[in-house]
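Worksheet: one structure, shown below.
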Amino acid sequence: MFLTKQLRFTLQSTSFVVVLAACVGATILYAGVNESGGEFGVFGSPGTGLPGEFGVTYDFIAESTVDTFVDTNQINFFRVTFLMERMCPLATGLGSTFNETYFSEYEDAINYITVTKGAYALIDPHNYMVRRIFYSDPSSQPNSGSIIGDTTDPSAATTEQFQEFWTELATRFVDNPNVVFGINNEPHDMATSLILQNDQAAINGIRSTGATQLILAPGNGFTGGHSWTQVTGANDDPSSEWLNQIVDPLNNTAIDIHEYLDEDFSGSHDTCTQPGPTNLAALTTWLQENNLKAIVSEFGGSNDPTCLEMVPELINYLSENDVYIGWSAWAAGPFWGTNSPCCGPEVGSLEPGQLDEEGGPNGYTTVWQAVIQPNINLSDLKRSGVSSLS
C-alpha cells in the first residue's frame, strides 16, 4: 500500500463487536489486520528518517491494540511492517549485518503477538522489491531506487545478498512457530523472472536454517490478484507464467496477494467498483490448477455503500474457495493518528483507542462491521503451532 495517501478518520465507538472474522465452515485459517508503522518516518523527507527514533519516527504496534484484536475480536493474524534499510544499515548494505537496536524493537513486537498473545505474525519487509534503495535515501519509495538482483545497476543489492538477509532473519525466528515469513511487499515494474529468482533465493535461505514455517511469495504488478494472469508494468510477464515454478522442499509456501476494490485497484478511492469474485476468478483457477494456496494480505474499503456490499462479498468468496487460507485488512498502526491508511478521505484506520480529527472516540469503520456474518465460528482459525499448508 502506498504510504503517501493522506486520508482521514471517520470512526465509530469501540463498543462495536469485531469486524474481522471467518465464516462457519470457512477454509480461512488466518484472519487479521496489518500493523503499519515500522516503515514510517522517511517518506517525503529526503535525508531524514534513517535509522529514525523508535516511538517518535516509527513504531510497530500498540500492545493494547493487539490485546483488543485478540481478546475481544478473536482474530489470530498480524502483518507487521518494517524497512530493510533500517534492519540492514546503509553503511553495510543488504545482508546478514543487522541494526541490532531496530531488530530488537521489531522482535519485541513479534514476540508480543506470537508468544504473549499466541497469535500469528507475518513478517513484512515493506520494500516493494522492485524499487528499493539500499545505498541512498528511500524517501521516494515506491517510485525510485535500485531493483534487488538487477545486474545492470551497480548500486543494486544482489539476489545473493537478499538470500543472506533472509537466512539471517529466519535464523532469528526459526524457533518461533507462530511466525510467517513474507518475502517482500508489492514487487512491481521489473522482470517477473527476477521476482521468481528473488523469491526462490529467499525460500532457499529460510529453509537452509531449518525453519519450517509458512512462507508467502509475492508476484508482479504490486502482487495484485486481479492482474495475476495479465501483463503488468512495462510489458512484464504475468505472474502466472513464473510463480508456479517456485520450489519449496517442505511445500509450505503460499502466494501473497493484494486486492483493492476501487477503480484502479490502488485503495485510494472511497468507491468500490471492482467485484472481488470477478477479479480473482482467473487467479483462483490458476491456484487450483497448480495446487497452490494464497493469502490476501492486503485489502480495504470505505464506508461507501458500494464497499459495504463488495468487501463482505470478497471475504465470503475467500472463505468459499479452499485455495485461500487467510486475509489481513489494511491497516491498523499506532502512528496513523487522524490520517487513514486507505480508501478515501473519510474512512478511518483500524487502530482502536485513537481520536478522530474532531477529538471524538474512534472505533471500527462501518465497512468492517459489514464483514461480520450472522453466525460466526472462529474455531477454524489456527491458534498455535507451526504455520503449515498441511
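The values are calculated or read from the model by the stated rules, or taken from the named source; none is laboratory data. Predicted model, so just to flag it, every value in this text is computed and none were measured. For neighbour counting, all protein chains shown are included, and Cβ atoms are generated from backbone atoms with ideal geometry for every residue, glycine included.
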Note to self: For segment 209-224, which positions are of a type in the set (A, V, I, L, M) and outside any loop (DSSP other than H, G, I, E, B)?
What the structure shows: I215, L216, A217
Next item on the list: Among residues belonging to segment 276-303 that are out of contact with any His (no Cβ under 9 Å at 6 or more places or on another chain) and modelled with pLDDT under 90, point out the one that is farthest from E35 (Cα to Cα).
Entry: N303
Margin query: Here is a list: D153, D175, D137. Which entry is assigned to a loop (DSSP other than H, G, I, E, B) and at pLDDT 95 or above?
Written below: D175
Notebook entry, point to check: Going by the structure shown, is I195 touching a residue at least 60 places away in the same chain (Cβ under 8 Å), among the β-branched types (V, I, T), under 26 Å from L381 (Cβ atoms) and crowded, with 17+ Cβ neighbours inside 10 Å?
Noted result: no
Item checked: strands (runs of 3 or more DSSP E) enclosed by segment 225-337 - at least 2 residues per element that are of a type in the set (F, W, Y) and over 21 Å from M190 (Cβ atoms) -> 324-332
Next item on the list: Select, from D189, D199, the only residue that is in contact with a Gly (Cβ under 9 Å, 6 or more places away or on another chain), at pLDDT 95 or above and among the charged types (D, E, K, R).
Entry: D199
Check: Which one of these does G205 not meet: (1) within 20 Å of the chain's Cα centre (by Cα); (2) surrounded by 23 or more Cβ atoms within 10 Å (Cβ to Cβ); (3) within 16 Å of S96 (Cβ to Cβ)?
Finding: (1)
Note to self: Can you list residue pairs whose Cβ atoms sit under 7 Å apart, with the first residue in segment 321-344 being in contact (Cβ under 8 Å) with a residue 40 or more places away in the chain and closer than 25 Å to L287 by Cβ and the second being in a loop (DSSP other than H, G, I, E, B) and of a type in the set (F, W, Y)? Count only pairs 6 or more apart in sequence or on different chains.
What the structure shows: W327/F299; A329/F299; W330/F299
Notebook entry, point to check: Any idea which of G326, G333, G348 is at pLDDT 90 or above, farther than 21 Å from F54 by Cα and crowded, with 17+ Cβ neighbours inside 10 Å?
Noted result: G326
Next item on the list: Identify, from the list T57, T65, T48, the residue that is surrounded by fewer than 22 Cβ atoms within 10 Å (Cβ to Cβ), of a type outside the set (G, A, S), closer than 26 Å to K382 by Cβ and modelled with pLDDT of 50 or more.
Entry: T65
Check: Quick check: is even one residue across segment 238-259 buried (at least 23 other Cβ atoms within 10 Å of the Cβ), aliphatic (A, V, I, L, M), more than 22 Å from G300 (Cα to Cα) and in contact with a strand residue (DSSP E or B) (Cβ under 8 Å, 6 or more places away or on another chain)?
Finding: yes
